[in-house]
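Data first, discussion second: the structure below is written as structure tokens.
The values are calculated or read from the model by the stated rules, or taken from the named source; none is laboratory data. Values in this document were obtained by computation on a predicted structure and should not be read as measured data. Cβ coordinates were reconstructed from backbone atoms using ideal geometry, including for glycine residues, and neighbour counts include every protein chain displayed. Side chains are part of the model used for accessible areas, which takes the heavy atoms of the whole protein and leaves out ligands, DNA and RNA. Shrake-Rupley method; radii C 1.70, N 1.55, O 1.52, S 1.80 Å.
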Amino acid sequence: MDAILYGVPTMFIEQQLSDEIIGFQPSYVLTHLNQNDWYDEHRMEWIGWPKTEVEGKEVEVAEYLNKLADFVRSVLGDLPCSPQRRVYSGKYANIAPSGHASVRKPDIVIVDSKVDEATKNASWAQIQGVAGLKCNVSDPLKNTLEQLAQYVRLCYGNQYDRRFVMAFGIFNTNVSFYYFDRSGVYATEKFDAHAKPELFLRVVMGLLFADRSALGYDPSFTSEIVMENEKEILKSYVTVADSRLEIIDVINQDCVIRGRGTLCLKAKDENGNVLVVKDSWVDQSRRDKEFKLLAKVVGIKSVAQLVKHEHVNIDGKPDNTSNARAFMTEIIDWKGEFVERWRTDEKWTHFNSIEFRDHYRISITPFGDSLEDFDSLEELVLAGKDIVEAIEMLYKQKILHRDISMKNIILARDTERGTLRRGVLIDLDYALDFSEPRTSTSKGDRTGTLPYMAARLLTRNLSEEQDYYHDLESLFYVYCWICCTFSGPHAAPRFTDEFTYEGSEISKWCARDVNANTRDSVGTAKVALMSTGHQFLGSFVPGMALYFKPLVSFLQGMRMVLFPPESRYYPVPDESLHPVKRPVENVFASFKAEFDTCLISLRQKSSPQAPSAPNVTTGGSANRQTVRERLPYILKTRNLIREDGLVHLRTANDAAKAAVRVASKKSGGTSKTFDKAGLSARMTASQTASSTAVDSNTASKALDSGSQTTNSKNRVEVGNSVGSSSSRKRAMSPGENTASGQKRAKKDKEKEVIDE
């Protein structure tokens, strides 16, 4: 875990659990403990202290601390800072708390006494603090921290109002205090519980007596019981600026310790309008705050719209992670001693690299479903076109999103669309405003979600400045991911007999430990897969689910816009075709044209007059589908070369003639009419797109006009003619009936088409 500071001076405990916070003075309580046989000041030891040097003493230690707390309460009376009575419980060392799939068993937990008495098993949502009990370990401080970190993650993942978590560890008679927040963790130096009884009381009693806000809970989250239909209902609320919103559901809740800790809630205002509340911890060094960027894009339909925002305040002060660490940035006179070793010791040198975070909360609209919840291929593709337009509009406002991913695209109802939902881009946390020169960058260097990041941003030898086409490439990977990991709408899972994630191409896009090496390996894998059509169609497409096979041409088209075309005519990819070399408006027009073409095709297939979708199974039909999908794009590649008015080795006319020869050779002359009509339509569309630059609708109409009546029908003809040829080949070579023979036949046939 990053951002761990070991050996923090124990004065940090006095800051976090001051007399005012815990509601008593430890020295005053210790006097009564001396007089009542709880502590022996002459021998400097706690009377009746459990044998913590032996394992399995969790219940005994918890009972001892509870009895100590009862005595302290009898001395102090009612404590106004803690209206609820908390207790320690050691039973969860043998029984995992409920409410989560994890079976982790914390040594000792802190819960409300009513919860501990009323239930046999408290949930992680009810656990207010944790403690570790260790003995006979070589490094108890580190070992305990690693264990406590697992418990704290579960607290964060089940308590959406948690800002930070305090804990402690007991190693024989030594104690260390731990403070977890969104910037990392502080682990204080060890101290002996017998030698420093006041400090021990401050820790173990302070966690029982401090109010909920001091324990790390956010007071802007509230609950109350209301009567509805003569029934008592518990309702929860959250405040955003001056608005009190009723919480309907939890959309997303990060269980990480260090990081943004993003929480998304579905809520409604007093008028019943449904909103999304986003609560997150933002790097203080990040100049482009999300609410500022959202204020610049008001009115863009396919981008989330800002309603209200605030920097969360706790007790009248802006909430952040730097307040708890303020004493580390200056020399403090503590009991007459200047404690500055954390400023001079080498182990503190990384302190300045910690990103301090501010606590922000915004409310946005609309509320929508995740992209994987699409109803049909048409809705899926149409939503993607909305996102392309959103990326384009953001770019015109001098904004790069930089984190296009599955979770950052939602489907929202739109009265103009009927049953088809609109794609909406959310989460501008990593967005970049490039309208002004940047004087500094944020310390957090993450610029996307790894599986969807652009290849050239990951590989060392191809690294480049982040730009708009990287967002388009990320969207392309989103579609690739969907086509491989789902079997259909609504995140329908794939069966292991047809797809295994571990052996798939997309498994190479993920890494358990993200570092420079893994990023480079992911980038290299993407470059190898996407750089050539042969590799993409041969390695990636076979892993697609059957339901998504109609999108093969669509994916290939997007790939060709993002990566320079290649073939034997271009041994080295033509860098002049790379998006960085092309006019921005042309790249967006080409990309949107792929969506338009795909939508036309999908709507034709869903129409009663349209021919039925080709059968895609295995063996010969899969090969025919591959040829059927690849041939039009081989032809289209040659025409796209002229899109920006560039002069290359082969002109569109040369490509047209070559394509006609290919189809004629394959089909015995039966498909010449299709080839000429289709090529004419595509050349017209290409010229139209080039002349209009940004009007993708015009391009799609041109595509539609020439190929609507012939394209679907004649694609099948070409496929059938090639299928006949392949059947004759199999008849002449009985060995090709085996799996290896079929594989060789498929490879030879694909190579022949590409070479032609």
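Structure notes:
- Each 5 Å bin from zero up to the one holding the largest Cα-Cα distance in segment 40-115 carries the following percent of pairs: 3, 13, 18, 21, 17, 14, 9, 3, 1, 0.
- The 3J(HN,Hα) values that the Karplus relation (6.51, -1.76, 1.60; θ = phi - 60°) gives for segment 378-383 are, in residue order, 4, 5, 4, 6, 4, 4 Hz. Gly and Pro appear as x.
- Burial ranking of peptide ranges 149-161, 290-302, 39-51 (average Cβ count within 10 Å, highest at the top): 149-161, 290-302, 39-51
- Local net charge near Glu416, Cβ-Cβ under 12 Å (Lys/Arg +1, Asp/Glu -1): +3
- In terms of Cα atoms, the Rg and Dmax of segment 1-130 work out to 16.7, 49 Å.
- Greater than 30 Å apart at Cα, pairs in Lys268/Lys407; Lys296/Lys549; Lys231/Lys308; Lys268/Lys292: Lys296/Lys549; Lys231/Lys308
- Estimated FRET transfer efficiency (Glu53, Glu246; beta-carbon r; R0 51 Å; 0.05): 0.45
- Segment 259-325 - percent of accessible surface contributed by carbon and sulfur, probe 1.4 Å: 49
- Calculated SAXS-style log₁₀ I(q)/I(0) at q = 0.18 Å⁻¹ - segment 202-254, Debye, Cα scatterers: -0.80
- Computed accessible area, Val130, all protein chains, 1.4 angstrom probe, square angstrom: 0
- Whole-percent pair-distance distribution, where bins are 5 Å wide, for the alpha carbons of segment 72-212: 2, 9, 19, 22, 22, 16, 8, 2, 0
- Scattering curve values for segment 371-415, log₁₀ I(q)/I(0), Debye with Cα scatterers, q = 0.18, 0.23, 0.26, 0.31 Å⁻¹: -0.58, -0.87, -1.01, -1.19
- Segment 23-77 - accessible surface per residue (Å², probe 1.4 Å): 56
- Shape parameters for segment 145-202, alpha-carbon atoms, Rg then Dmax in Å: 12.7, 38
- Solvent exposure, largest accessible area first (probe 1.4 Å, DNA, RNA and ligands not counted), of Arg286, Arg361: Arg286, Arg361
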